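What follows is a short report on a single structure.
The values are calculated or read from the model by the stated rules, or taken from the named source; none is laboratory data. Since the structure is predicted, the reported quantities are computational estimates derived from the model, not experimental observations. Here the Cβ positions follow ideal geometry from the backbone for every residue, glycine too, while neighbour counts run over all protein chains shown.
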Amino acid sequence: MNNYTSTILVTGGAGFIGSHVVRLFVNKYPAYRIVNMDALTYAGNLENLKDIESKPNYVFEKGDITDEARVEELFRQYQFTAVIHLAAESHVDRSIMDPLAFVKTNVMGTVVLLNAARQHWKGQEQGKLFYHVSTDEVYGTLGETGLFTEETPYDPHSPYSASKAASDHFVMAWHDTYGLPVVMSNCSNNYGSHHFPEKLIPLMINNIKNNKPLPVYGKGENVRDWLFVEDHARAIDTIFHKGRLGQSYNVGGFNEWKNIDIVHLLCNIMDKKLSRPAGTSAKLIKFVTDRPGHDLRYAIDATKLNKELGWSPSLQFEEGLERTVDWYLNNEQWINDITSGSYQRYYEQQYAR
Ligand code: NAD
Ligand code: TYD
């Protein structure tokens, strides 16, 4: 026995969003014990959690969610009362290169966790919760107008979004078939500190800093709806505590931007921060071959989350972006450590075309 009111398994807590969720929960809820299970793939980095790693209510357990025996062992050892499931392969371009890795982790891994939760909570479902963190990419693409609501039919186009869509269906199937207490959220693109520099914003920041070409896919006209990662972590906190079982909640920033406009905004911010003459960094922009199956536009209608549970984004994009740039400029070692290893090999392969 222990004195914690809840023991929560967070999967993927060493990644970008997971580390912000772990930090929020560990600091805000000392009565909860947070067990972070992460396989530490190329995207997982324990440096992300340095500031909270010695807190008494935090535990790290290395492990792969597709490893049934390991998951079972942890469920037995900790008697989890809840799961917040973030572990995933998360990058669309990598999913195009190696789709099977996405099926294994995102689909099989999710089912392994669902099975373990079902078996351990059987007959004692009251007060338990399996929270599945998903993406707006399951809805496919929008045209020039309209927004994704929770009723928008699933229509994924990339191996990444197809694997996340499949995992979402499995989560809801475990609710409907076995009565597993589940809740789910589908969020738009996140940005902020500790974001792996293969994704648009940190990749551009890193390349601007190093005077490397800024690879913009196609004409740069694709639109994404950007949310500050700490606002996403707050949304997860809200949905975890107040969300209705069996429901999904869309999370978004009401903040649509064309890729090319973001790249220009970053160039302007960085010219100022690096004391470069205005217009210097924008000369690095290079239009490259488009991503196959590239979704044109994502935009989230987060009204349900706002009206039902009272969440709304807290930060303006320009301010969030500036804070993000500052974090990257002040954490050179973090980025150097990450870009020196396998990321470098991936980068060469991806941008060789
Ligand atoms: P990330 O790639 O930064 O981190 C993923 C983490 O999962 C890493 O720490 C990695 O080591 C771990 N992991 C991968 N495979 C694993 C396995 N088999 N077993 C255990 N751990 C494993 O991803 P992220 O951007 O933080 O995304 C987290 C979640 O949020 C994902 O489920 C993603 O689909 C979802 N999401 C992301 C965004 C976004 O903009 N990044 C938006 C909406 C939803
Ligand atoms: P990304 O950060 O990979 O997120 P997602 O594909 O999940 O939305 O990409 C965001 C947008 O930026 C997407 O439209 C693809 C585009 N993009 C580029 O133009 N160049 C790049 O080097 C990358 C990584 C992305």
Check your understanding: Can you pull out the residues in the stretch 135-164 that are in contact with a strand residue (DSSP E or B) (Cβ under 8 Å, 6 or more places away or on another chain) and either assigned to a loop (DSSP other than H, G, I, E, B) or surrounded by fewer than 21 Cβ atoms within 10 Å (Cβ to Cβ) (or both)?
Key -> Thr141, Leu142, Gly143, Glu144, Leu147, Thr149, Glu150
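Quick one: which helices (runs of 4 or more DSSP H) sit completely within the stretch 270-353 and have at least 2 residues that are closer than 24 Å to Arg224 by Cα and either in contact (Cβ under 8 Å) with a residue 60 or more places away in the chain or out of contact with any Asp or Glu (no Cβ under 8 Å at 6 or more places or on another chain) (or both)? It would help to see each step written out before you state the result.
Working: elements: 303-309, 317-330, 332-339, 342-350.
Filter on the stretch 270-353 gives 303-309, 317-330, 342-350.
Table: residues versus (1) farther than 20 Å from Gly192 by Cα; (2) away from ligand 2 (no atom under 16 Å from the Cβ); (3) at pLDDT 95 or above.
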residue: Thr7; (1), (2), (3): yes, yes, yes
residue: Phe16; (1), (2), (3): no, no, yes
residue: Val21; (1), (2), (3): no, yes, yes
residue: Val26; (1), (2), (3): no, yes, yes
residue: Tyr29; (1), (2), (3): yes, yes, yes
residue: Arg33; (1), (2), (3): yes, yes, yes
residue: Met37; (1), (2), (3): yes, yes, yes
residue: Ala43; (1), (2), (3): no, no, yes
residue: Glu47; (1), (2), (3): no, yes, no
Practice item. All but one of (1) farther than 20 Å from Asp326 by Cα; (2) not aromatic (Phe, Trp, Tyr); (3) not in a loop (DSSP other than H, G, I, E, B) hold for Glu230, so report the exception by its number. Key: (1)
**Study point:** Leu40 vs. criteria within 23 Å of Met172 (Cα to Cα), within 15 Å of ligand 1 (Cβ to nearest atom), exposed (fewer than 15 other Cβ atoms within 10 Å of the Cβ) and not hydroxyl-bearing (Ser, Thr, Tyr)
**Key:** no
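Out of Lys283, Lys258, Lys212, Lys242, I need the residue that is surrounded by fewer than 17 Cβ atoms within 10 Å (Cβ to Cβ), more than 16 Å from ligand 1 (Cβ to nearest atom), at pLDDT 95 or above and within 27 Å of Val21 (Cβ to Cβ). Which one?
Details: Lys283 fails: within 27 Å of Val21 (Cβ to Cβ); Lys258 fails: within 27 Å of Val21 (Cβ to Cβ); Lys212 fails: within 27 Å of Val21 (Cβ to Cβ).
Being surrounded by fewer than 17 Cβ atoms within 10 Å (Cβ to Cβ), more than 16 Å from ligand 1 (Cβ to nearest atom), at pLDDT 95 or above and within 27 Å of Val21 (Cβ to Cβ) holds for just one of Lys283, Lys258, Lys212, Lys242, which is Lys242.
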Review point. Of all residues in the stretch 307-353, which are more than 20 Å from the chain's Cα centre (by Cα), more than 25 Å from Lys258 (Cα to Cα) and of a type in the set (S, T, N, Q)?
Key: Asn330, Asn331, Gln333, Asn336, Ser340, Ser342, Gln344, Gln349
Exercise for review: Inspect the stretch 216-236 for any residue being within 19 Å of Tyr160 (Cα to Cα) and among the polar types (S, T, N, Q) and give the result as yes or no.
Suggested key: yes
Check your understanding: Would you say His194 is within 16 Å of ligand 1 (Cβ to nearest atom), over 19 Å from Lys283 (Cβ atoms) and assigned to a helix (DSSP H, G or I)?
Key -> no
Practice item. Could you list, in sequence order, all residues of the stretch 19-50 that are within 15 Å of the chain's Cα centre (by Cα) and of a type in the set (Val, Ile, Thr)? Key: Val21, Val22, Thr41
Check your understanding: Just one of the numbered conditions (1) away from ligand 2 (no atom under 16 Å from the Cβ); (2) closer than 22 Å to Pro153 by Cα; (3) among the aliphatic types (A, V, I, L, M) is not true of Leu329; which one?
Key -> (2)
Check your understanding: If you take the residues of the stretch 111-134 that are within 16 Å of ligand 1 (Cβ to nearest atom) and of a type in the set (Phe, Trp, Tyr), which of them is surrounded by the fewest Cβ atoms within 10 Å (Cβ to Cβ)?
Key -> Tyr131
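When the stretch 31-55 is examined, which residues are found to be more than 25 Å from Val112 (Cα to Cα) and touching a residue at least 12 places away in the same chain (Cβ under 8 Å)?
Passing the criteria: Ala31, Glu47, Asn48, Leu49, Asp51, Ile52, Lys55.
So, Val251, is that one of a type in the set (A, V, I, L, M, F, W, C) and within 14 Å of ligand 1 (Cβ to nearest atom) or not?
Against the criterion (of a type in the set (A, V, I, L, M, F, W, C) and within 14 Å of ligand 1 (Cβ to nearest atom)), Val251 qualifies.
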**Study point:** Residue ID - farthest from ligand 2 (Cβ to nearest atom), chosen from residues in the stretch 155-173 that are under 13 Å from Val107 (Cα atoms) and of a type in the set (Ser, Thr, Tyr)
**Key:** Ser167
